[in-house]
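As structure tokens, the structure follows; a few thoughts come after it.
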Amino acid sequence: GLFAPHWRSDARACIVGMSTTHHKGHVCRAALEAAAYQTKEVFDAIYADSDVELKSLKVDGGGTNNRLMMQFQADIIKVPVVKPVVMETTSMGAAFAAGL
């Protein structure tokens, strides 16, 4: 979930160190990297708690369309990121469950 692995609903973020040379691209890149680092923290918690080495990260949803984010994710967790043929697998699963 969004708060994993810290489970702190009161957690907040801030952006520090910006100057007039920074632009919205820097903020967008920081947001993408933050999401990737959050996933890395979950991977690290799994390793620490179970000694299970994950072989890949299977992804879906809108973020998977961002090649920079997916490559950055693969680089920091050091496993391949695997994208399905249908990116919106959650929606597809809901449709299957509804009998569509």
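The values are calculated or read from the model by the stated rules, or taken from the named source; none is laboratory data. If you're wondering where the values come from, they're calculated on a predicted model, not measured in any experiment. Quick reminder, even Gly has a Cβ in these numbers, built from the backbone with ideal geometry, and neighbours come from all protein chains shown. Only protein heavy atoms, including side chains, enter the accessible area calculation; ligands, DNA and RNA are left aside. Shrake-Rupley method; radii C 1.70, N 1.55, O 1.52, S 1.80 Å.
General remarks:
- Filter result (within 13 Å of Ala36 (Cα to Cα) and of a type in the set (Ser, Thr, Tyr)) within the stretch 52-100: Thr64
- Of the residues making up the stretch 42-94, those that are modelled with pLDDT of 90 or more, of a type in the set (S, T, N, Q) and within 25 Å of Ala30 (Cβ to Cβ) are Asn66, Gln71, Gln73.
- Restricted to the stretch 18-51, and to residues there that are over 24 Å from Asn66 (Cβ atoms) and among the charged types (D, E, K, R), the residue that is surrounded by the most Cβ atoms within 10 Å (Cβ to Cβ) is Asp49.
- When the stretch 52-68 is filtered for residues that are surrounded by fewer than 14 Cβ atoms within 10 Å (Cβ to Cβ), of a type outside the set (A, V, I, L, M, F, W, C) and in a loop (DSSP other than H, G, I, E, B), the ones remaining, listed by number, are Glu53, Lys55, Ser56, Gly61.
- Of all residues in the stretch 3-17, those being touching a helix residue (DSSP H, G or I) at 6+ places or on another chain (Cβ under 8 Å) and either assigned to a helix (DSSP H, G or I) or open to solvent by 80 Å² or more (accessible area, probe 1.4 Å) (or both) number 3.
- Applying the condition of being assigned to a helix (DSSP H, G or I) and in contact (Cβ under 8 Å) with a residue 24 or more places away in the chain to the stretch 69-93 and asking which residue is surrounded by the most Cβ atoms within 10 Å (Cβ to Cβ) yields Gln73.
- Condition met for Ile46 (touching a Lys or Arg at 6+ places or on another chain (Cβ under 7 Å) and part of a helix (DSSP H, G or I)): no
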